[in-house]
Amino acid sequence: MRTLEFRRPFRVSRSVATETRVVDVEIRHEGVSGFGEATPSRRYGVSAEETLEWAESSAGLLGDDPFALEDIGFRLTDAGRPTVVRAALDAALHDLCGKLVGLPVWRLLGLPSAGPPTSWSIGIGDPDEMARQAAEAISRFRCLKIKLGARDGLDVERVRAVRRVTDCPLRVDVNEYWTLDEALDHLPRLADLGVEYCEQPLKAGDPDAVDLRRKSPVPIYLDEECLTPADVARSAERAHGINVKLEECGGIREAIGMVRTARALGLRTMLGCNAASALGIAPEAHIAGLFDHVDLDGNLLIADDPWRGVDFVDGHQLPSRRPGLGVEPEAA
Ligand SMILES: [Mg+2]
């Protein structure tokens, strides 16, 4: 378990964060080690201490064949392991399998090595401060995600202030803090400002989502209410897209299942993340090629990353070409 400090405090609708606690896992097989990182989030009620306990008590469920990914996944699910723990173990197993066969994970999965460029997230602040941060970020990033939901009547002004300093694609994320009336007022104005899509405007499960999907001029993506493969089908009448996060769905195999189901239902997809080290972001970087949009800035928020192996190149978060996840300790 370790604490990762942020470069600067980050504010979203429900909280301000200055650091995050993560749990790194290691799975050994025939002298080879696979690594993964769990990034527990308070929103889903699993602490770092519980994550560590669940991870340690999972060793006996892994068996002796790291390639038996489907069976291991079923065993962990049946034993009630939270998705954040399953995702870390799944990442470590993919790292291990890739190392054992000498292939990077993206290649092992038959995916392209690169996905769409990542957005950079701008936390909630006063509109001028957010515009200043946007102006600073656009030399490095090709698109921006603006956090909204401050409940102070300034959300549209925040986007307008950022739009004044850049023409780049803008997405917004409300993290459940608008009502239907606010959403119907704000979204047409955000459409005029060229906002590409809006993440989770209403509270997870809000019955008004069906109405908002029909009326919104901006595509709606669900995040907090679409966590696992079982949530995808009902998302089709409530939104235009979903945000997939490995720590909430349970890992790479579950994420691929969500993307396939989403596509069959006509939903667009984005890949999201929590704040994490390069080890925590690596599994996402390896599957980014599956998604329409990518929001993988979680390791770029961290001040002193203990791991390296995800390359930020021309706005893209590129996975390593080395076997497995291709991540190693920064000191190595
Ligand atoms: Mg979100």
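The values are calculated or read from the model by the stated rules, or taken from the named source; none is laboratory data. Only a predicted model underlies this, so the values are computations on that prediction, with no experimental measurement involved. Virtual Cβ from ideal backbone geometry, glycine too; neighbours counted across all protein chains shown.
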>> It is to be established whether one or more residues within the range 40-58 are touching a Ser or Thr at 6+ places or on another chain (Cβ under 8 Å), closer than 30 Å to LEU148 by Cα and not aromatic (Phe, Trp, Tyr).
In response: yes
> Which one of the conditions (1) part of a helix (DSSP H, G or I); (2) buried (at least 22 other Cβ atoms within 10 Å of the Cβ); (3) charged (D, E, K, R) does GLU37 fail to meet, given that it meets all the rest?
Replying inline: (1)
>> Here are the criteria: (1) touching a Pro at 6+ places or on another chain (Cβ under 9 Å); (2) within 19 Å of LEU103 (Cα to Cα). Tell me which single one GLU330 does not satisfy.
In response: (2)
> Residue check: is VAL294 touching a residue at least 12 places away in the same chain (Cβ under 8 Å) and within 11 Å of the chain's Cα centre (by Cα)?
Replying inline: yes
>> Anything in the range 99-123 that is surrounded by fewer than 22 Cβ atoms within 10 Å (Cβ to Cβ), among the aliphatic types (A, V, I, L, M) and not in a helix (DSSP H, G or I)? List them, or say none.
In response: LEU103, LEU109, LEU111, ALA114
> Restricting the search to the range 156-183, which residues are touching a Phe, Trp or Tyr at 6+ places or on another chain (Cβ under 9 Å) and more than 15 Å from the ligand (Cβ to nearest atom)?
Replying inline: CYS168
> If you take the residues of the range 276-297 that are surrounded by fewer than 24 Cβ atoms within 10 Å (Cβ to Cβ) and within 16 Å of the ligand (Cβ to nearest atom), which of them is nearest to ARG213 (Cα to Cα)?
Replying inline: ASP292
> What is the residue count in the range 18-31 for residues that are surrounded by fewer than 16 Cβ atoms within 10 Å (Cβ to Cβ) and touching a helix residue (DSSP H, G or I) at 6+ places or on another chain (Cβ under 9 Å)?
Replying inline: 3
> Between residues in the range 15-27 that are on the phi < 0 side of the Ramachandran plot and touching a residue at least 24 places away in the same chain (Cβ under 8 Å) and residues that are surrounded by 14 or more Cβ atoms within 10 Å (Cβ to Cβ) and of a type in the set (S, T, N, Q), which pairs lie under 6 Å by C-beta distance while being six or more apart or on different chains?
Replying inline: VAL22/THR39; VAL23/THR51
>> Would you confirm, using the coordinates I've provided, whether GLY80 is within 24 Å of the chain's Cα centre (by Cα), exposed (fewer than 12 other Cβ atoms within 10 Å of the Cβ), at positive phi and not basic (Lys, Arg)?
In response: yes
>> Here's a check for you: in the range 250-272, which residue that is of a type in the set (A, V, I, L, M, F, W, C) and within 14 Å of the ligand (Cβ to nearest atom) is surrounded by the fewest Cβ atoms within 10 Å (Cβ to Cβ)?
In response: MET270
>> Can you confirm whether ASP208 is more than 16 Å from the ligand (Cβ to nearest atom), out of contact with any strand residue (DSSP E or B) (no Cβ under 6 Å at 6 or more places or on another chain), over 26 Å from ALA79 (Cβ atoms) and at pLDDT below 95?
In response: no
> Could you count how many residues in the range 217-243 are in contact with a Gly (Cβ under 7 Å, 6 or more places away or on another chain) and either closer than 19 Å to GLY110 by Cβ or of a type in the set (D, E, K, R) (or both)?
Replying inline: 2
> Going through the range 302-332 one residue at a time, which ones are more than 20 Å from ARG21 (Cβ to Cβ), exposed (fewer than 15 other Cβ atoms within 10 Å of the Cβ) and either at pLDDT below 95 or of a type in the set (A, V, I, L, M) (or both)?
Replying inline: VAL313, ALA331, ALA332
>> With the requirement that a residue be assigned to a helix (DSSP H, G or I) and among the acidic types (Asp, Glu), what does the range 124-142 give you?
In response: ASP128, GLU129, GLU136
> Only one of (1) assigned to a helix (DSSP H, G or I); (2) within 14 Å of the ligand (Cβ to nearest atom) fails for ILE242. Which number is that?
Replying inline: (1)
